[in-house]
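Visitor: Attaching a single structure in structure tokens format; questions to follow.
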Amino acid sequence: MENDIEAGRAAAAAELRAAFAEIESGAGLTHLVGGHGVQSRVFEFEWSEPSLEIDFRLPCERVLSDEASQKADDEEIGAAIRMGILLLTTAGRADGASRIEVACTDRGTSYAVYAADGALEDSGEDWGPLVRRLEAALGDAQDAVSVIWP
């Protein structure tokens with residue numbers, strides 16, 4: 001079963017990388033996009049397993065919005081994608097954490113880290129502390145995963 005989860009993580013990370021390449025190219029996002037119409041398209045990514053839950057729902061390609069708003073949307077989606085890849089790559093490695101939950105919507109970001117006994121260890125709306133925690137958990141293996149955070 002663990003191999004199935006790892007294979008699923010790898011496939012999900014590959015899908016996120018493809019979406020990130022599209023965001024970076026500026027050609028428009030086609031991966032992981034739902035909705036319809038010119039102002040209602042949404043970047044959507046969900047992942048759920050016992051140790052990790054990710055829920056991203058961010059507006060994208062709002063063609064009636066000004067250029068600065070569109071750029072801000074792309075930057076937020078890019079940050080969410082990087083977080084998703086980081087979490088999928090490091091799942092199960094965060095010291096003492098048995099479950100990590102992360103969300104990013106048009107209302108903001110949030111995260112929660114739970115201990116093995118189910119107690120909440122850490123939570124917040126700024127992903128910076130979570131990124132630092134994951135970097136610390138990687139330790140010497142950090143060269144295998146590049147952590148680039150905006």
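Visitor: So which residues in the range 8-36 are assigned to a loop (DSSP other than H, G, I, E, B) and open to solvent by 50 Å² or more (accessible area, probe 1.4 Å), if there are any at all?
Guide: Quick first cut of the range 8-36, residues assigned to a loop (DSSP other than H, G, I, E, B) only: 26-32, 35-36.
Across the range 8-36, the qualifying residues are 26, 27, 30, 31, 35, 36.
Visitor: Next up: Within the range 37-59, track down each residue that is farther than 24 Å from residue 107 by Cα and open to solvent by 40 Å² or more (accessible area, probe 1.4 Å).
Guide: 50
Visitor: Same structure, new question: Suppose the filter is among the aromatic types (Phe, Trp, Tyr), within 25 Å of residue 6 (Cα to Cα) and modelled with pLDDT under 95; does residue 47 pass it?
Guide: On the way: among the aromatic types (Phe, Trp, Tyr): yes; within 25 Å of residue 6 (Cα to Cα): yes; modelled with pLDDT under 95: no.
When the stated conditions are applied, residue 47 does not pass them.
Visitor: Here is a further query. Anything in the range 61-85 that is open to solvent by 10 Å² or more (accessible area, probe 1.4 Å) and either touching a helix residue (DSSP H, G or I) at 6+ places or on another chain (Cβ under 6 Å) or among the β-branched types (Val, Ile, Thr) (or both)? List them, or say none. Write out each step before concluding.
Guide: First, pick out the residues of the range 61-85 that are open to solvent by 10 Å² or more (accessible area, probe 1.4 Å): 61-76, 79, 82, 85.
Passing the criteria: 63, 74, 85.
Visitor: What single numbered condition from (1) modelled with pLDDT of 95 or more; (2) hydrophobic (A, V, I, L, M, F, W, C); (3) under 19 Å from residue 34 (Cβ atoms) fails to hold for residue 60?
Guide: Exception for residue 60: condition (1).
Visitor: Of the conditions (1) within 28 Å of residue 138 (Cα to Cα); (2) open to solvent by 60 Å² or more (accessible area, probe 1.4 Å); (3) out of contact with any Ser or Thr (no Cβ under 8 Å at 6 or more places or on another chain); (4) not acidic (Asp, Glu), residue 116 fails just one. Which one is it?
Guide: Just one mismatch for residue 116, condition (3).
The values are calculated or read from the model by the stated rules, or taken from the named source; none is laboratory data. Being a predicted model, the structure only gives us computed values, none of them experimental. Neighbour counts are summed over all protein chains in view; Cβ atoms, including those assigned to glycine, are modelled from backbone coordinates with ideal geometry. Side chains included, ligands, DNA and RNA excluded: accessible areas come from the protein's heavy atoms. Shrake-Rupley method; radii C 1.70, N 1.55, O 1.52, S 1.80 Å.
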